[in-house]
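The values are calculated or read from the model by the stated rules, or taken from the named source; none is laboratory data. Source: prediction; values computed, not measured. Cβ sites come from the backbone with ideal geometry, for glycine too, and all protein chains shown count toward neighbours. Surface areas here come from the heavy atoms of the whole protein model, side chains and all, with no ligands, DNA or RNA. Shrake-Rupley method; radii C 1.70, N 1.55, O 1.52, S 1.80 Å.
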Amino acid sequence: MKKRKYQDNTYRRLPDEYILNKNVSECRVVRFNYTTRNYAAEDNTVYNKYALVYLPEGYDENNTERRYNVLYLIHGGACSPEWYLGGEGCTSEVTRLLDNMIQNGLIEPLIVCAVSWLNEYSDDATENCLNFRHELINDIMPLFERKYRTYAEDVTERGFVQSRKHRAFSGYSMGAVVTWNVLGYCMDKFAYFMPMSGDCWELGMTAGGSRPDETAAELAREIANSGFASDDIFIYAGCGDADIAEPNLTPQINAMKKLTDTFIYSESFNEGNLYECICPDCGHDLKTALHILYNGLPKMFG
Ligand code: FER
């Protein structure tokens with residue numbers, strides 16, 4: 001199969017007009033309801049949850065031919081899916097960014113499913129982040145990808161694995177903690193990962209910063225266990241230059257760079273599978289997430 005060509009990973013400034021509230025498009029943010037369980041406990045209680053969904057302009061649920069890439073996107077601490085998508089029936093900086101990127105041909109039209117690691121059964125944010133993948137795989141993806149026209153031909157294990165190059169996972173701050181975890185355990189169903197403003201907490205809070213070599217080795221081990229090769233995954237990590245997560249993320253990325261059997265750091269995904277985009281004049285906030293989405297999304301999906 002012919003591999004796609006990737007443009008350079010190097011940071012480009014997000015043009016202001018991409019997020020300004022002009023030429024406001026019709027809103028296509030809808031609510032997706034589902035039920036879940038507490039996978040960390042012997043608990044069969046059913047909990048109601050929802051995601052917010054961005055549908056690209058022209059999305060037609062009756063057109064069974066057309067398929068769309070899907071990005072699962074998860075928020076940080078003290079936030080919710082609204083942080084990205086505003087709310088049901090809303091537009092936001094993220095929806096305008098996506099509309100503009102699609103309109104200008106930077107990316108193919110895609111579906112975004114903004115999910116949440118918050119739940120009714122636990123207040124432990126770190127635990128929730130590290131357990132979220134069970135809810136994603138068991139409860140969200142099968143229902144969501146049956147309803148929306150992703151590349152999964154069916155919602156079986158096989159259907160998800162075969163369509164993994166058309167599926168990305170990204171999150172900001174605590175959502176980046178989720179992203180590194182999904183990378184480690186669900187890379188059979190996802191090929192592209194975009195952790196924004198946050199390090200990997202597999203070995204504890206901010207361990208990407210305090211134990212970078214062990215964290216990198218743990219990720220490499222998880223990838224080796226998955227059976228996928230280094231050219232089967234793509235990691236576009238990012239943060240701001242004045243981001244409180246930068247001192248946690250950069251040491252982890254530098255440690256990953258040394259494990260060249262697994263991670264190939266490169267200015268382009270034509271040659272490698274890992275990049276850290278450090279956004280100038282950016283802190284730990286939505287502006288950084290917007291810049292990383294702008295830079296990273298054109299490198300997602302193969
Ligand atoms: C980081 C990852 C996540 C980080 C902070 C967070 C300071 C989250 C913080 C919060 O939501 O309170 O690397 O660095």
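Could you state the accessible area per residue of the chain in Å², with a 1.4 Å probe and every protein chain left in place?
Accessible area per residue: 42 Å².
Please give the length that would be gained between Phe228 and Glu42 if that part of the chain were fully extended, namely 0.36 nm times their separation in residues minus their C-alpha to C-alpha distance (nm, one decimal).
63.8 nm
Going by amide H atoms built from the backbone, whose H comes under 5 Å of the H on Asn69, apart from near neighbours?
Amide H to amide H, under 5 Å and 5 or more residues apart or across chains, Asn69 pairs with Ile111.
Kindly flag which residue pairs out of Lys22/Lys299; Lys3/Lys189; Lys147/Lys189; Lys22/Lys165; Lys165/Lys299; Lys3/Lys165 have an alpha-carbon separation exceeding 22 Å in this structure.
Over 22 Å Cα-Cα: Lys22/Lys299; Lys22/Lys165.
On full extension of the chain, what length is gained from Asn63 through Asp241, given 0.36 nm per residue of separation minus the C-alpha to C-alpha distance?
Working: separation 178, 0.36 × 178 = 64.08 nm, distance 4.35 nm.
Here the segment from Asn63 to Asp241 would lengthen by 59.7 nm.
Considering the stretch 1-144, what Rg and Dmax in Å follow from its alpha-carbon atoms?
17.1, 50
Out of residues 5 or more away from Ser268 or on other chains, whose amide H comes under 5 Å of its own, with H placed 1.01 Å from N in the peptide plane?
Here the answer is Asn9, since their amide H atoms fall under 5 Å of that of Ser268.
Using r as the Cβ-Cβ distance of Glu267 and Asp154, and R0 as 30 Å, what FRET efficiency do you calculate, to the nearest 0.05?
The calculated FRET efficiency here is 0.20.
Please arrange Glu61, Glu202 by accessible surface area, largest first, computed with a 1.4 Å probe and ligands excluded.
Glu61, Glu202
GNM on the chain, C-alpha springs below 10 Å: top fluctuator among Glu65, Glu26, Glu82?
Sorting by GNM fluctuation, first place goes to Glu65.
Of Cys27, Cys239, Cys200, which is the most mobile in a GNM of the chain whose springs link Cα atoms less than 10 angstrom apart?
The residue that fluctuates most here is Cys27.
What is the percent carbon and sulfur in the accessible area of the stretch 246-302, measuring with a 1.4 Å probe over the protein chains and ignoring ligands?
Solvent-exposed carbon and sulfur of the stretch 246-302 make up 50 percent of the total.
At what distance in nm do the modelled label points of Asp123 and Met205 sit from each other, each positioned 7 Å from its Cα along Cα→Cβ?
Computed distance between label sites Asp123 and Met205 equals 1.5 nm.
Calculated FRET efficiency, Thr35 and Cys90, Cβ-Cβ r, R0 25 Å, to nearest 0.05?
For R0 = 25 Å, the calculated efficiency reads 0.55.
Kirkwood-based Rg over Rh for the stretch 17-301 (C-alpha set), two decimals?
Rg/Rh: 0.94.
Of the candidates Asn63, Asn138, Asn181, which one comes out as most mobile in a Gaussian network treatment of the chain with C-alpha springs shorter than 10 Å?
Comparing Asn63, Asn138, Asn181 in the GNM, the peak value goes to Asn63.
Between the alpha-carbon centers of the stretch 1-65 and the stretch 231-290, tell me the distance in whole angstrom.
22 Å
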